[in-house]
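Read the structure below first, then the notes.
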Amino acid sequence: MQPWSIGVFASVDAGLGVHLDVAKELGIPSVQVHAPHQETRTKAAADAFLKRCQDAGITITCVFGGFEGESYADIATTARTVGLVPEATRAARIQEMKEISDFAKLLGCPAVGLHIGFVPERGSASYQSLLTGTRDLLDHVAKNGQNVHLETGQETADHLLEFIGDVGRSNLFINFDPANMILYGTGNPIEALQKVGHLVRSVHCKDAKWAPLDVRGTAWGSEVALGEGDVGMETYLRTLLDLGYRGPLTIEREIAHDRDRQKRDIGTAAALLQRLRAEILK
Ligand code: MG
């Protein structure tokens, strides 16, 4: 793949992300994919999806896990339901994430990603057991020759760094999403990127506007089309350049309720990224 290959977040079946056809029609050469439901995580489904990608000249760069019962309705609900942090579902979700890693291996994909959830306070019992569970997952993923990329946004950069350091495994990295830092109100995305940049192995190109100050951190900011928000795409890409990042630039546009607009916005985002890439990487 060329440096800063344009990508889009897609899905194998009914998960988050656009259908593969959108990437194909827009001529986008790489995808991250949302893992399919358990019943379709089969060898036959993997072979069929991989063939569709190969026929379209599309490389799969990361497979993201998601779980039944997760809801992003508001920040409090997200904290209660998302990722490996909720204790009632943790063991089952770690098991499912291992199965997603096995499915990603069938796709020939070297990385799996996830929102791990709102990492608890350092030193708490829940934090300690999350460390143990995460190591267990990482050891399975390592046997598949893969890394885990943690999606950013639910923690500050400092807390994420502490957690990754405390886990102490060599295959735990970061999928940096600048818009999530704004949406969750967890910090200036460029400053966060500078702190965690040495661990960034994949990125989302997504944009957002801050929530008003009085509700920031408790109410969502708003996701907007790339280039129309508060991230500052040129600064974002120049920061990635300074950090030595040359991996894919994966566009994420989370408006699944409006597929026409989603496709249009992804096309516009791809054009913006191609223009900036030409200017910055010349
Ligand atoms: Mg993201």
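Just so it is clear, none of the values below were taken in a lab; they were calculated from the coordinates. Quick caveat: nothing in here was measured; it's all calculated off a predicted structure. Reconstructed Cβ throughout: ideal geometry from the backbone, glycine too, with neighbour counts over all protein chains shown.
Structural remarks
- Among VAL85, VAL231, VAL31, VAL200, sorting on how many other beta-carbon atoms sit within 10 Å of each Cβ, with the fewest leading, yields VAL200, VAL85, VAL231, VAL31.
- What you get for the chain, charging only the Cβ of Lys and Arg (+1) and of Asp and Glu (-1), is a dipole of about 780 debye around the Cα centre.
- For the range 155-251, the fraction of C-alpha pairs farther apart than 21 angstrom is 32 percent.
- Between LYS209 and GLU25, the simple spin-label model (points 7 angstrom out along Cα→Cβ) gives 2.8 nm.
- Cα gyration tensor shape for the chain, rounded if a/c is under 1.5, else prolate or oblate: rounded
- Selected from ARG253, ARG135, ARG122 as most flexible by GNM, with the chain as the system and alpha-carbon contacts under 10 Å: ARG122
- Legend: residue pairs LYS43/LYS143; LYS195/LYS263; LYS105/LYS206; LYS51/LYS263; LYS195/LYS282; LYS143/LYS263, Cα-Cα distance threshold 29 Å; pairs beyond threshold, LYS195/LYS263; LYS143/LYS263.
- In plain terms, the residue of LYS51, LYS98 with the fewest other Cβ atoms within 10 Å comes first and the most crowded comes last, giving LYS51, LYS98.
- Counting beta carbons within 10 Å around each of HIS204, HIS198 and listing the fewest first gives the order HIS198, HIS204.
- Here, the range 1-105 has an Rg and a Dmax of 14.9, 43 Å when only alpha carbons are counted.
- Taking the chain as a Gaussian network of alpha-carbon nodes connected by springs under 10 Å, the highest mean-square fluctuation of the residues TYR72, TYR245, TYR184 belongs to TYR72.
- Cα centroid separation - the range 179-207 against the range 113-139, whole Å: 20 Å
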